[in-house]
1. Collect the residues in region 32-67 that are closer than 27 Å to ILE187 by Cβ, away from ligand 1 (no atom under 13 Å from the Cβ) and in a strand (DSSP E or B), keeping them in residue-number order.
2. When both residues are 6+ apart or on different chains and their Cβ atoms are under 7 Å apart, which pairs have a first residue that lies in region 232-255 and is among the hydroxyl-bearing types (Ser, Thr, Tyr), and a second that is assigned to a helix (DSSP H, G or I)?
3. Say we look at region 20-46 and pick out the residues that are over 26 Å from PHE72 (Cβ atoms) and touching a residue at least 12 places away in the same chain (Cβ under 8 Å); which of these is nearest to ligand 2 (Cβ to nearest atom)?
4. Look through THR29, THR99 and report the one residue that is among the hydroxyl-bearing types (Ser, Thr, Tyr) and more than 16 Å from ligand 1 (Cβ to nearest atom).
5. I'd like to verify a number: residues in region 133-160 that are in a helix (DSSP H, G or I) and surrounded by 15 or more Cβ atoms within 10 Å (Cβ to Cβ), how many?
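Each value in this text was obtained by applying a stated rule to the coordinates, not by laboratory testing. Given the structure is predicted, the values throughout are model-derived calculations rather than measurements. A quick note on method: Cβ atoms are made from the backbone with ideal geometry, for glycine too, and the neighbour counts reach across all protein chains shown.
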Amino acid sequence: MTTPPTPAVHATGIGKVFPAASGEVTALTGVDLEVAAGEFVSLIGPSGCGKSTLLRLIADLDDATAGELTIFGKTARRARLDQDYGIAFQQAGLLPWRTVAANIALPLELHRWAKAKRDARVAELAELVGLSEFVGRYPDQLSGGMQQRVAIARSLAASPQLLLMDEPFGALDEMTRERLQTELARIAAETGAAVVFVTHSIPEAVFLSDRVVVMSPRPGRITDVIDTRPGRPRDEALRESPEYFARVTAVREALHGAPLQRVNER
Ligand SMILES: Nc1ncnc2c1ncn2[C@@H]1O[C@H](COP(=O)(O)OP(=O)(O)OP(=O)(O)O)[C@@H](O)[C@H]1O
Ligand SMILES: [Mg+2]
């Protein structure tokens, strides 16, 4: 056998303290997290427990005040400069002066794809997120959910080996949300991309994830990690299986701090 693959994310002892007028805010403390290459990990927990902060540290949008963090064995900064990951955050973060197509094409331009290849890829991604008819529009001509879908398409454009997603489906209607969950599961499986996914939805976390990381606030930390890797494909039938319901219950109990009967001990 060859050496084991480098993990997508390796974090040890991560802490983040924000200075504030009323004293310091400890957004994160003692966070240890390893996300294997190709693994899908969701972060779930009450508002203010540090989910977005952790994702922002991984994306090198902010610096940790303690601990060590590597992305594919590199510093967070190096990984950002190398564009090793795609990002889709809560606020779509689109460039208002660019059309839908030009927003989706942005990572491909940065990766210096030739125009014809880029256009074909943009068409494919627009189709995937159901926006083929809107590629010529500008972000302010779209609904919030449509803007989010553009951001999702953009994050997937260069088929990155790591996707960082912060409540990307938050503004979508339930049917679109489930369809995009199924698509994301398929894309992650097909491309072998690792995903760190923040959500407030327990069913969404359980459907998509290999592991669900449960966090708790004041100070923000990891309180539980639940194995949710399904023994079957992530399709519509999974959503109605007893195995799925058992895992939803396990995550709910962990979130509510109830005595935990672990799925894998049943
Ligand atoms: N730039 C900042 N300056 C000061 N405090 C901050 C900053 N960003 C986050 N915080 C604080 O850090 C804590 C964690 O915030 P964070 O946004 O990571 O929470 P979250 O888990 O993503 O919450 P939500 O589910 O509401 O998105 C909160 O107490 C927040 O007030
Ligand atoms: Mg957040």
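1. Of everything in region 32-67, those that are closer than 27 Å to ILE187 by Cβ, away from ligand 1 (no atom under 13 Å from the Cβ) and in a strand (DSSP E or B) turn out to be LEU33, GLU34, VAL35, PHE40, VAL41.
2. TYR244/VAL206; TYR244/LEU238
3. In this case the residue turns out to be PRO46.
4. From the options THR29, THR99, the qualifying one is THR99.
5. Qualifying residue count for the region: 14.
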